[in-house]
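The structure under discussion appears below in the form of structure tokens.
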Amino acid sequence: AASSQANVATSGGQGAAPGGSKDDLNLQGVPQSVDQSIQNLNISNYITINPSIAIFQQYPNLVSAVIQAVTQAIKEIVSPVVDRSVTIACITTRELVSKDFALEQDEQQLKAAAHMMVQNLAGSLALVTSKEPLRHTMCNQLRAILNKTNLFDSSLIEQAAQLVANDNLDLGCNIIEKAATEKAVRDIDVTLDLALLHRRKLGTPFHDALVQVQQWLPILPESLRPKAGPHQKRVYEDFMRLPRDRVAHQAATQPTATGATEPNLRGFAEGGNMPMQSNLPASGMHMPVQNQQTEHLRVALDK
Amino acid sequence: MQVPIVSNGGQDGPGDQVQDKEKLFQLVADLSREETREAALLELSKKREAFPDLAPILWHSFGTTATLLQEIVCIYPLLTPPQLTAHASNRVCNALALLQCVASHQETRTLFLKAHIPLFLYPFLNTVSKTRPFEYLRLTSLGVIGALVKMDDSDVINFLLTTEIIPLCLRIMETGSELSKTVATFIVQKILLDDMGLQYICATAERFFAVANVLSSMVNGLTKDPSVRLLKHIIRCYLRLSENMRARDALRTCLPEQLKDPAFTNCLRDDNSTRRWLSQLLFTVGNPNTHEAQVEL
């Protein structure tokens, strides 16, 4: 019979803090590479096959081939997505942390902030980039396998492929997110190597970030300046706390009350080369466009 | 380096300036607290024109850029399946407005690019939902990229080419609103105007035809819904493409007929420079001699 609802504890995984406590996927040890982390994880144990799908009731022996297809799809997507997401997250984190902690001498402070930030960025990027490609790849693999049997007509195959892909999409996303956050934490220490070294070696000449910051310190009031000490990490701690569904919740509960400025096209006009007139559809964009602002925009842009 | 903060073009008295500066600092500080952030985002994005030094203050103050980045990534879960509300869209667009400010400013553009922050906007450009919150999100994100390319900096072009912005722009040019189409076409035009960009797009037939087909389908669309500003950018793109020999050859067969139709191009009668570009384009593409002359070189 079909391996019914081998449902993992992935539900709600999207809401959990990335990388933190999601060890329910049972990775063994600290994997050295994405591929290895995926190999160590027996994905097929976690795959959900809905037993009510007609095809599998009729031909239960097809289930293992389908599990194989889903596993294959996840493996295909994970590596490129994770590599790209982690690379970007590490660069962004390095630049922002180096700047914000330029005056911080304690390398642990720098490292802690970087870890919190990089996990969130890498995980978020990996999730948002992988979801649709993963669904697509899963459907394709499933269609191919079911087509090969010559047993079913295409509408039945399509239905089964969609259902199985939907049921396993979160699993795939969680695996990819987890692989991304884990790789990000490992990679960021390498990316930050130089910045950490500067803090370890006394008397190291001023580094770029410090020079940058000192140039701009005078224009900033005390309260906004980067400084040393543990008191200013909150923004970075928010990266760990930020519940993914905060926004979804907020979006669902709050009415459309806030105005926004109109699309930010004003700057284009200065080059003389840019087209913008402000004939935004009058009843158009959902945000209230104030007449005065619109007029200003029109004059500025209408060259 | 002491950089004075002058607001309102310096029309106010010095007392007002100090007050404005205090207000600005307070708003930037408000960004760091969740309770005050949303109001500060709205206020700052409205007033960004009034503060010439807003960009360096946003960038160099502690944690502000990280906060803006949080505003961006926390919207990601609302993209697929599409669940973005007007409220969430407005809020993130205000954050994007501040990043656009950073992208436009001479002192911060390079740092912004070096930190790869534009890449966090690509998931927004990759959305396809036609609802207003999404349309507005794409338009505002395009605005940030547009602000970058407007600076004619080859580092910007290089960054965009290596990060595959062109396919994203092409899709918006095919399916977006008129305004989004125009900004996306402007971005492609700016990429083409850079030598490296032209070379990149003309390097393979596949890339060239991807661009040429979209331009041509936009011209077709204009027959039904005319837009002078969009047509202007399309013509500029074609003209620049025609400077590449292989592209010029290809354009002889794939330049839309409408561009040769005076009834269609009559809308450009008041726009001298675009009319000049158009005749130059038709001459270059239509005249085989220009090709031979170039080949002899």
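The values are calculated or read from the model by the stated rules, or taken from the named source; none is laboratory data. All values reported here derive from a predicted model rather than from experimental measurement. Cβ: placed from backbone, ideal geometry, glycine included. Neighbour counts: every protein chain shown.
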If residue A:84 meets every condition in (1) at the interface with chain B (Cβ under 10 Å from one of its Cβ atoms); (2) closer than 23 Å to residue A:199 by Cβ; (3) basic (Lys, Arg) apart from one, which number is that one?
(2)
Could you tell me whether residue A:163 is under 30 Å from residue A:140 (Cβ atoms), of a type outside the set (Gly, Ala, Ser) and either in a helix (DSSP H, G or I) or modelled with pLDDT of 90 or more (or both)?
yes
Identify the single condition in (1) surrounded by 14 or more Cβ atoms within 10 Å (Cβ to Cβ); (2) within 29 Å of the chain's Cα centre (by Cα) that residue A:193 does not satisfy, given that it satisfies every other one.
(1)
Collect the residues in segment B:220-267 that are closer than 21 Å to residue B:192 by Cβ and assigned to a loop (DSSP other than H, G, I, E, B), keeping them in residue-number order.
B:227, B:242, B:243, B:244, B:255, B:256
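Results for (1) surrounded by 20 or more Cβ atoms within 10 Å (Cβ to Cβ); (2) closer than 22 Å to residue B:158 by Cα; (3) within 14 Å of another protein chain (Cβ to nearest Cβ); (4) without any contact (Cβ under 8 Å) to a residue 60 or more places away in the chain, shown as yes or no for each residue.
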{"residue": "B:189", "(1), (2), (3), (4)": "yes, yes, yes, yes"}
{"residue": "B:195", "(1), (2), (3), (4)": "no, yes, no, yes"}
{"residue": "B:206", "(1), (2), (3), (4)": "no, yes, no, yes"}
{"residue": "B:224", "(1), (2), (3), (4)": "no, no, no, yes"}
{"residue": "B:233", "(1), (2), (3), (4)": "yes, yes, yes, yes"}
Determine whether residue B:215 is touching a helix residue (DSSP H, G or I) at 6+ places or on another chain (Cβ under 7 Å) and closer than 15 Å to residue B:238 by Cβ.
yes
Those residues that are among the aromatic types (Phe, Trp, Tyr) and either touching a strand residue (DSSP E or B) at 6+ places or on another chain (Cβ under 8 Å) or at the interface with another protein chain (Cβ under 10 Å from one of its Cβ atoms) (or both), I need them from segment B:122-177; list them, please.
B:122, B:124, B:136
Those residues of segment A:87-117 that are of a type in the set (S, T, N, Q) and surrounded by fewer than 19 Cβ atoms within 10 Å (Cβ to Cβ) come to a total of 3
For the condition in a loop (DSSP other than H, G, I, E, B) and either at pLDDT 90 or above or loosely packed, with under 13 Cβ neighbours inside 10 Å (or both), what is the one hit in A:204, A:129, A:181?
A:204
Those helices (runs of 4 or more DSSP H) lying entirely in segment A:22-112 with at least 1 residues closer than 29 Å to residue B:119 by Cα and at pLDDT 90 or above:
A:63-100
Limited to segment B:31-53, what total is found for residues that are part of a helix (DSSP H, G or I) and within 11 Å of chain A (Cβ to nearest Cβ)?
14
For segment B:89-97, indicate whether the set of residues that are within 27 Å of residue A:97 (Cα to Cα), among the small types (Gly, Ala, Ser) and part of a helix (DSSP H, G or I) is non-empty.
yes
